[in-house]
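Engineer: For reference, the structure I am asking about is given below.
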Amino acid sequence: MQSQRRPMRNAVLRQTVITYLLFLAVVGAAVVDEADAQQGDYQRIEERIEKLIGQMTLEEKTTFLYGRTMMDLRSIDRLGIPSLTLADGPLGCRRDTSTAFPASIMLASSWNVELANKFGVAIGKEYRNKGRRVWLGPCINIVRVPQGGRNFETYGEDPFLNGRMAVATITGAQSQSVISCVKHFACNNQEFERFTLNVEVDRRPMYEIYLPAFKAAITEGNAWSIMTAYNRLNGPHCTESRALQRDILKRDWGFDGFVVSDWGAVHDTVAPANNGMDLEMDLANPVGQFWGQGKLLQAVKAGKVTEATIDDKVRRILRAMAHVGALDHVWDVPNKELVENREVAREIARQGMVLLKNDNDILPLKPDKIKTIAVIGPASERFSVGGGGSSEITPHRVISPLAGITESIGYNVRILHEPGMLPPGSAPEAVRPEYLRQHGGKGPGLLGEYFDNRQLQGKPVLTRVDSTVDFHWLLAGPEETMPVDNFSVRWSGILTVPADGLYDLSMTTDDGVRLYLDGKLQIDDWNDHAAKRSKVTLNLERGREYDLRVEYYDNGQDATAVLSCAINGKEFNDAVQAAAKADVVLLFVGLGKESEGEGGDRQSIDLPGEQVELIKAVARVNPMTVVTIIAGSQMGMTRWLDDVPAVLQAWYPGQEGGYAIADVVLGKANPSGKLTMSFIKKWADHFAFTNYPGGKYTEGVFVGYRYYDTNDVEPLFPFGYGLSYTSFKYSNLQVRATAGRQNTIAISYEVTNTGKTAGAEVSQVYVRPLSSTVSRPVHELKAFDRTQLDPGETRRIEATLDRSAFAYFDAGTDMWRVDSGACEIQVGASSRDIRLREKVDVVAEQWSDQIMRP
């Protein structure tokens, strides 16, 4: 059963449309019949839900509003209500092995709403394949700062583009009878202190920047669920915000689905219940930290929460289940690879890659003129298909850049491969047992003392000999007698090395570590953090016995401990030597799930220093170097950009990324992606430089290109920017205004492929107010189009701008306002590359937009 579009979100609008449809009866009865059918279905579902609620006990109602497990609700078997099943997203179905799609920022960089809808359909099929009814996605928070740990999960910095992509993906997913849960509502724009941060933002930027995509997801995409954010917003936690949940979402937008907390975002029993949250989900306590164990039930019995409030929450969940068929239809759960989704993932990666630099047309490569290619870099073979956290997918397969290029290039070109260094956060090979020995001349390995606390206190609860330190306990403990979290270990013994030399002695851990050699503290990283490598470089002698002591603790989740000792610099030097022998170098750098993901922001916008040095060293020996960046957000480039002729932003390209990269690099696909976030030259240029990581959004509506273009701050690469292997000409802009209250403006223009290669161009329409009573951005994106053109082909593009394209939110009157005067319609290839301009007079008027009115 496909998800049915609700006929209307509230009674007032529903009656308006019914009246209008009666008028249309004289024109086309079929239209009215279809609307009547939808209205009838909706009414039957409501009657069915009311009957079920009337048969439920109060205890059944309250226990229906929190988890049975981390990703499942309780069933009510006597009434035939099945368990509602959920799964993490938004880059795939995080359950067993599934298709790992490219990052959302890459999908948005295609500017292709049809492809976004196709992705949504594919996601829906993945969830059906796993028997999951709720897709926890898409994530549509605005990219505010480049360090944001979850930027890769979002669609970029512009609310209009975010809204278009959101509607397309939601519509696709829900067509497969899957509930889409839009997140994170609202203003979750950084991971640093996300549980405690109080975002202070004025009403105007709330309505112009941070809410429009959510509104579109609800009122146009008809998403059946929405997830609250961890942070506070202007005081209360989002889970307790009456303004967000009851006023804006349910009253003004007419949302009749359900609101679910992010896992662990609830801090109270009564306040979330009375202020609009409908479902508590929790990580530490899956059966409800604040609503479970009878707490919500007791709140109702004590009169702190009414039963009518509980009924409304149950009604919303059942309504969503009913509309997608979850109350009636049991899915088969084949749990197999959906091979057809490989091509969807590959196409998203092809269309979302952004060519940032291509001096002297070094790309695409011409294999018939190349004898040797060096494929180099830490992301060339062991690369992350996505960032870390709840969006992380275990794929059926992973096609690395090395594999994709090797398979696609043919046998006449020799491939040299050297990684140069480990991928960020990765652990090198663990010390082999023959180089470790217990004290007192005993056999190989280290003595391991395990404690059931994080402080190495008391007597160890487990003592054993570990042949080496190479542990990835993840969600398990070292042994059944040990706790899963909150434990510590001390390893002690003797370390030797096979030869004299400079060595990198390191520990890769999640969380704290201290390492002593001959009694001297060499590594001191005794704090909570995600898996990362801490190292020290030392001169070590063959035959010498070094006294080794390693102390480690795990605070929570993903316990990892790996001890390594490798010759310093060998991989780096090997990579540079390989580059010198090649005709062309394809150098892959970037980040990974260990350094970019949920729970924390990046400490710098730059690449890790070792990678920068690798780029510069390789470029010195081979000027034909193409740098491909695999990361979910901007990387600083000013230290090395002038050293190389070509740069390709490949984001996190998913499991088929290697094939897609090969398609673009070898010219089988023409790059057409364009940036959905501005790339800055340096962090000091950013509008949030003085107030991040604090929660004061003092920049107001001047976010992203709105700030840079208005204040004439030159970015490294502007919003909407991306190169192609061909060229495009813009011409013949026509603007036709319709006077009156609707204030509709029809625009059209022509785009011509003036090159020799077929390609797609993303043209962008911006509106610039030439006069205004308030401070406004110099221009704002209001329409866009992606057009595929053959060489010499011209196509006329059409768009319609309604009054919302010219409005700003007047916080003083809580209304949307249009100022009288002239506006400039701009059409361009990026926010800084405007090709066509035309003035139009806008009629002054004021109106109240009930959908967005507080």
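Engineer: What aspartates and glutamates could a cross-link reach from LYS696, if we take a straight Cα to Cα line under 13 Å and drop same-chain neighbours fewer than 8 places away?
Structural biologist: Filter leaves GLU200, ASP202.
Engineer: Ignoring everything except DSSP H segments at least 4 long, calculate the 222 nm mean residue ellipticity for the chain; use -39,500 (n - 2.57) per segment, divide by total residues, nearest 500.
Structural biologist: That comes out to -6500 deg cm²/dmol.
Engineer: What is the antiparallel percent of DSSP beta bridges lying wholly in the chain, to the nearest 5?
Structural biologist: Here the share of antiparallel DSSP bridges comes out near 75 percent.
Engineer: Also, I was wondering about something else. In sequence order, what are the phi-derived ³J(HN,Hα) couplings for segment 568-584 according to the Karplus relation 6.51 cos²θ - 1.76 cosθ + 1.60 with θ = phi - 60°, rounded to whole Hz, with x for glycine and proline?
Structural biologist: Result, rounded to whole Hz: 6, x, 5, 5, 4, 5, 4, 5, 5, 5, 5, 4, 5, 8, 9, 6, 9.
Engineer: Turning to a different aspect of this structure: Which of the chymotrypsin sites (Phe, Trp or Tyr not before Pro) found in segment 653-706 are in a DSSP loop and have at most 16 neighbouring Cβ atoms, other than their own, within 10 Å?
Structural biologist: PHE689
Engineer: A further question on this structure: Put +1 on the Cβ of every Lys and Arg and -1 on every Asp and Glu Cβ in segment 692-790; which of TYR730, SER772, PRO718 then has its Cα farthest towards the positive end of the dipole?
Structural biologist: Final value for the positive-end residue is SER772.
Engineer: Follow-up. Note down the accessible area of THR63, probe 1.4 Å, to the nearest 10 Å².
Structural biologist: Per-residue accessible area (THR63): approximately 30 Å².
Engineer: Provide the FRET efficiency to the nearest 0.05 for the LEU538-VAL774 pair, computing r from the beta carbons and using R0 = 41 Å.
Structural biologist: Between LEU538 and VAL774 the formula returns 0.10.
Engineer: Run the dipole for segment 226-330 about the Cα centre, Lys and Arg Cβ at +1, Asp and Glu Cβ at -1, nothing else charged, and hand back the magnitude in debye, nearest 20.
Structural biologist: Values: 12 positive and 13 negative charges, 43 e Å.
Around 200 debye, computed over segment 226-330.
Engineer: With a 1.4 Å probe and every protein chain left in place, work out the accessible area per residue of segment 705-824 in Å², rounded to a whole number.
Structural biologist: Counting only protein heavy atoms, the per-residue value for segment 705-824 is 42 Å².
Engineer: Moving on. Carbon and sulfur atoms: what percent of the 1.4 Å accessible area of the chain do they account for?
Structural biologist: 48 percent
Engineer: Also, quick follow-up: Name the residues whose placed amide hydrogens come within less than 5 Å of the amide hydrogen of GLY389, ignoring near sequence neighbours (fewer than 5 apart) on the same chain.
Structural biologist: Correct list: GLU598.
Engineer: Next question, about the same structure. With a 10 Å radius around each residue's Cβ, average the other Cβ atoms per peptide and rank 142-149, 261-268, highest first. Walk me through the numbers on the way to the answer.
Structural biologist: Numbers: 142-149: 24.8, 261-268: 21.0.
Ranking the peptides 142-149, 261-268 by packing returns 142-149, 261-268.
Engineer: With N residues in segment 185-336, what two-decimal value do you get for its Cα radius of gyration over 2.2 N^0.38 Å?
Structural biologist: So segment 185-336 has a normalised radius of gyration of 1.09.
Engineer: Ratio of the chain's C-alpha Rg to 2.2 N^0.38 Å, to two decimals?
Structural biologist: Compactness ratio reported: 1.00.
Engineer: Moving to a separate point now. Is segment 186-271 best put as rounded, prolate or oblate by its Cα gyration tensor, with a ≥ b ≥ c the root eigenvalues, rounded for a/c under 1.5, and otherwise prolate when a/b is larger than b/c, oblate when not?
Structural biologist: Oblate shape, in that a/c is at least 1.5 and b/c is the bigger or equal ratio.
Engineer: Could you list which residues have their amide H under 5 Å from that of ASN568, counting only those 5 or more apart in sequence or on another chain, with H placed in the peptide plane?
Structural biologist: Counting only residues 5 or more places away or on other chains, the set is LEU502, TYR503, ASP504.
Engineer: From the Cα gyration tensor of segment 518-647, with a ≥ b ≥ c the square roots of its eigenvalues, which class applies: rounded if a/c is under 1.5, or else prolate if a/b is larger than b/c, or else oblate?
Structural biologist: oblate
Engineer: When the label point is put 7 Å from the Cα of THR813 along its Cα-to-beta-carbon vector, which residues of segment 195-219 have a backbone N closer than 16 Å?
Structural biologist: 204
Engineer: Could you do me a favour and compute the accessible area per residue for segment 147-205, 1.4 Å probe, result in Å²?
Structural biologist: Per-residue accessible area for segment 147-205 comes out at 21 Å².
Engineer: Tell me, what ³J(HN,Hα) does each residue in segment 631-644 have, in order and in whole Hz, if you take phi through Karplus 6.51 cos²θ - 1.76 cosθ + 1.60 with θ = phi - 60° and put x for Gly and Pro?
Structural biologist: Calculated HN-Hα couplings, in order: 6, x, 7, 5, 10, x, 10, 4, 6, 9, 4, 6, 7, 10 Hz.
Engineer: Gain in length, LYS581 to GLU545, computed as 0.36 nm per residue apart minus the alpha-carbon separation, to one decimal in nm?
Structural biologist: Here the answer is 9.0 nm.
Engineer: How much length is gained if the chain between GLU114 and LYS304 is pulled fully straight, taking 0.36 nm per residue apart and subtracting their Cα-Cα distance, in nm to one decimal?
Structural biologist: Numbers: separation 190, 0.36 × 190 = 68.40 nm, distance 4.76 nm.
That works out to 63.6 nm of additional length.
Engineer: Which residues in segment 473-490 have a backbone N closer than 17 Å to a point placed 7 Å from the Cα of LYS459 along the Cα-to-Cβ line?
Structural biologist: What the label zone holds, given the 17 Å backbone N cut-off, is 481-482.
Engineer: For segment 632-740, which trypsin sites (Lys or Arg not before Pro) pass both filters: DSSP loop (anything but H, G, I, E, B) and at most 15 other C-beta atoms within 10 Å?
Structural biologist: On the way: sites: ARG639, LYS668, LYS674, LYS681, LYS682, LYS696, ARG706, LYS729, ARG736; in loops: ARG639, LYS668, LYS674, LYS681, LYS682.
Loop-located and lightly packed - ARG639, LYS668, LYS682.
Engineer: Positive end of the dipole of the chain, charges at C-beta (+1 Lys, Arg; -1 Asp, Glu), about the Cα centre: which of LEU540, ALA213, LEU338 has its Cα farthest in that direction?
Structural biologist: Of the listed residues, the answer is ALA213.
Engineer: Just to be sure I follow the rule: in segment 265-410, considering lysines 8 or more places apart or on different chains, how many pairs have Cα atoms under 21 Å apart?
Structural biologist: Total qualifying Lys-Lys pairs in segment 265-410 comes to 5.
Engineer: Shifting gears a bit: Please compute the modelled spin-label separation between ASN691 and SER492, points set 7 Å along Cα→Cβ, answer in nm with one decimal.
Structural biologist: Between SER492 and ASN691, the label points sit 5.4 nm apart.
Engineer: Give me a comma-separated list of calculated 3J(HN,Hα) values for segment 655-663, in order, Karplus coefficients 6.51, -1.76, 1.60 applied at θ = phi - 60°, integers in Hz, x for any Gly or Pro.
Structural biologist: 5, 9, x, x, 5, 5, 4, 4, 4
Engineer: Give me the lysines in straight-line cross-link reach of LYS839: C-alpha distance below 16 Å, same-chain residues under 8 apart excluded.
Structural biologist: Answer for LYS839, where 16 Å is the Cα cut-off: LYS782, listed by chain and number.
Engineer: Hey, which lysines would be in cross-link range of LYS729, C-alpha to C-alpha under 16 Å, not counting anything within fewer than 8 residues on its own chain?
Structural biologist: Hits, sequence-local ones excluded: LYS756.
Engineer: Here is a further query. Label TYR411 and THR372 with points 7 Å out from Cα along Cα→Cβ: what is the distance between them in nm?
Structural biologist: 2.1 nm
Engineer: Same structure, new question: With the other protein chains left in place, how much accessible area per residue, in square angstrom, belongs to segment 628-695 at a 1.4 angstrom probe?
Structural biologist: 22 Å²
Engineer: Mind ordering 175-182, 228-235 by average Cβ neighbours within 10 Å, highest first?
Structural biologist: In descending order of packing, they fall as 175-182, 228-235.
The values are calculated or read from the model by the stated rules, or taken from the named source; none is laboratory data. It should be emphasised that the depicted structure is a prediction, and the values quoted were computed from it without experimental measurement. Note that each Cβ is placed from the backbone with ideal geometry, even for glycine, and that neighbours are counted across all protein chains shown. Calculation scope for accessible area: heavy atoms of the full protein, side chains included, ligands and nucleic acids excluded. Shrake-Rupley method; radii C 1.70, N 1.55, O 1.52, S 1.80 Å.
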